[in-house]
Structure formats: C-alpha cells, structure tokens
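The values are calculated or read from the model by the stated rules, or taken from the named source; none is laboratory data. Everything numeric here is computed off the predicted structure, so don't read it as measured data. We place every Cβ from the backbone using ideal geometry, glycine too, and count neighbours over all the protein chains shown.
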Amino acid sequence: MDQAVERASRLDTATISDALDKLGIEGQCLGIKPRDHDFRMAGRAYTILYGPADVVPGTVGDYIDDLEPGVVVVLDNGGREDATVWGDILTYLAHKKGVAGTVIDGACRDVHMCLKLGYPIYSRSYSMRTGKDRVQVDATNVPVNIGNAKIHPGDILRGDSDGVIVIPKEYEEKVLEAAEAIEAAEEKIRAALESGMRLDEARVANKYHSLQTREE
C-alpha cells in the first residue's frame, strides 16, 4: 500500500489546493473537469506526451498494455479539443487492469463507457472526433503540462468533483502534512458551528485566516 497516495485519497482537492498555495507550489490543473461529479481518483502519474501526427503517423494508445494497477494515466495533448486521445476501448482496458483514472489536457470520447463502468476520467472537453492520423505519442514517462501544472512521472494525482490536483513527489510529505493540518482546523470549525459558536469566532479560534497564507 502506497501510504502517501492513501493519505491523499482522504483529502479533497480544495484542501490540497490550499496546502499548495501555503507552500507556494502551483499544482492546480486548471480547466480539467470530471466527466462525472461522483468520480474520485488518487494514484501516481504515468505520463504521455502527444504531438501532431508526422507524415507517417505514429501510435495513439498502445502504451495501455504497460500500465500497472493503481496508476493515473496523464495525457498531455496540448489542450487540443479537435482530436481525442482516449475512447471506449482504452476505458475498458484501463478499468479491467485496475488503473486509478485518466487525466487529459485535451479531449476524450465515448463518455458513456466511463459513466457505465464508473471509471474516472478528467479532461478539458469531449468530442467524437478521433485523434488517429491527427496526433501521436511523442514520449512516455516524461514531464508534461496539464492545465498549467507541471506533472512528472510518479507525482501524486488527486481528483474529485472540483477537478484535479498534482502533488509533486519531492514535496509530497510537506504538502500532505499541511493539507492534513488545514483539514483538522476546518473540522474543528465545523464542530464549533454545530455547538452554536458564531462563524467569525470559530474562524479566529482556529486561525482560519492564516491556513492558506503562504509561508515565508
């Protein structure tokens, strides 16, 4: 069991986002949305970098055979929405192999399959237009950009109804500790409100206004 991934899975993306802000780390994958707001995902990144198809087009998705259970497939297609890089066959195989989810800076298709299987897909958009002969895999397990966030192979990806966030591997302990502290403080605030305390008093008592303040 990957303890860091397990810890991340217990935190929502908003809390992790606040922890990243506190530490001055840009890890919010902006513009990347869940295909279903019930989707939840946590795992380490297996990255794919796409580029425009060459004169003799290369492969689009044969990497699927190499994926291990629990990874998150991260596809950088440069935000392109005119050529999809993920469809129903990949969804079926990823789900069958126990892959944790897929994140795409670009478009997917065959959305019905991920909804049917409950397989988490997060993307910029969706369309029916194939990427075959339009894009190709240029590299695997290299740094990629997803929604203005840099993702390296092995980084933790966490997804929920608000979107996707990346926790860089080299900072994961600091990020998780900060996020857990923020979550604990917010739990105390909720408990105080339940007991009848005013919100402003509960926030002051639990130092709410400094929770996301960037550390010097």
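Can you say whether ALA179 is closer than 30 Å to SER210 by Cβ, modelled with pLDDT of 95 or more, in a helix (DSSP H, G or I) and more than 13 Å from the chain's Cα centre (by Cα), as far as the supplied structure shows?
Values: closer than 30 Å to SER210 by Cβ: yes; modelled with pLDDT of 95 or more: yes; in a helix (DSSP H, G or I): yes; more than 13 Å from the chain's Cα centre (by Cα): yes.
The answer is yes for ALA179.
Take the conditions (1) hydrophobic (A, V, I, L, M, F, W, C); (2) assigned to a helix (DSSP H, G or I); (3) in contact (Cβ under 8 Å) with a residue 12 or more places away in the chain; ALA184 misses just one of them, which is (3). Return the residues of segment 166-203 that are touching a helix residue (DSSP H, G or I) at 6+ places or on another chain (Cβ under 7 Å), of a type in the set (A, V, I, L, M) and closer than 12 Å to ALA8 by Cα; say none if nothing qualifies. Passing the criteria: ILE167, VAL175, LEU176, ALA178, ALA179.
Take the conditions outside the structural domain of ASN145 (by TED's automatic domain parsing) and surrounded by fewer than 22 Cβ atoms within 10 Å (Cβ to Cβ) and apply them to ASP21. Does it pass?
Details: outside the structural domain of ASN145 (by TED's automatic domain parsing): yes; surrounded by fewer than 22 Cβ atoms within 10 Å (Cβ to Cβ): yes.
Here the answer is yes, as ASP21 does meet what is asked.
Remark: pairs (first residue in segment 108-126, under 17 Å from ARG40 (Cβ atoms); second residue acidic (Asp, Glu) and at pLDDT 95 or above; Cβ separation under 7 Å; 6+ apart in sequence or on different chains) = LEU115/ASP36. Checking each residue in segment 110-146 for being modelled with pLDDT of 95 or more, crowded, with 22+ Cβ neighbours inside 10 Å and not in a strand (DSSP E or B) picks out CYS114, TYR119, PRO120. Checking each residue in segment 154-176 for being in a helix (DSSP H, G or I) and closer than 30 Å to ARG35 by Cβ picks out LYS169, TYR171, GLU172, VAL175, LEU176.
Within segment 149-156, can one find any residue that is surrounded by fewer than 21 Cβ atoms within 10 Å (Cβ to Cβ), in the same structural domain as THR47 (by TED's automatic domain parsing) and hydrophobic (A, V, I, L, M, F, W, C)? Give the steps one after another, and end with the answer.
Here is the first cut: in segment 149-156, the ones surrounded by fewer than 21 Cβ atoms within 10 Å (Cβ to Cβ) are 150, 152-154.
Those left that are additionally in the same structural domain as THR47 (by TED's automatic domain parsing): 150, 152-154.
Applying the additional criterion that residues be hydrophobic (A, V, I, L, M, F, W, C) yields none.
No.
For segment 52-85, the set of residues classified as at pLDDT 95 or above, out of contact with any helix residue (DSSP H, G or I) (no Cβ under 7 Å at 6 or more places or on another chain) and in a strand (DSSP E or B) consists of VAL71, VAL72, VAL74, LEU75, ASP76, THR84, listed by residue number. Of all the residues in segment 54-77, those that are among the charged types (D, E, K, R) and closer than 19 Å to VAL164 by Cα number 1.
Scan segment 86-99 for residues that are in a loop (DSSP other than H, G, I, E, B) and surrounded by fewer than 24 Cβ atoms within 10 Å (Cβ to Cβ) and jot them down. Show your work before the answer.
The initial filter retains those residues of segment 86-99 that are in a loop (DSSP other than H, G, I, E, B), namely 86-87, 98-99.
Hits for segment 86-99 are GLY87, GLY98.
Whenever a residue of segment 136-161 is among the basic types (Lys, Arg), its partners that are part of a loop (DSSP other than H, G, I, E, B) and surrounded by fewer than 18 Cβ atoms within 10 Å (Cβ to Cβ), lying with C-beta atoms within less than 8 angstrom and at least six residues away or across chains, give the pairs LYS150/GLU26; LYS150/PRO143.
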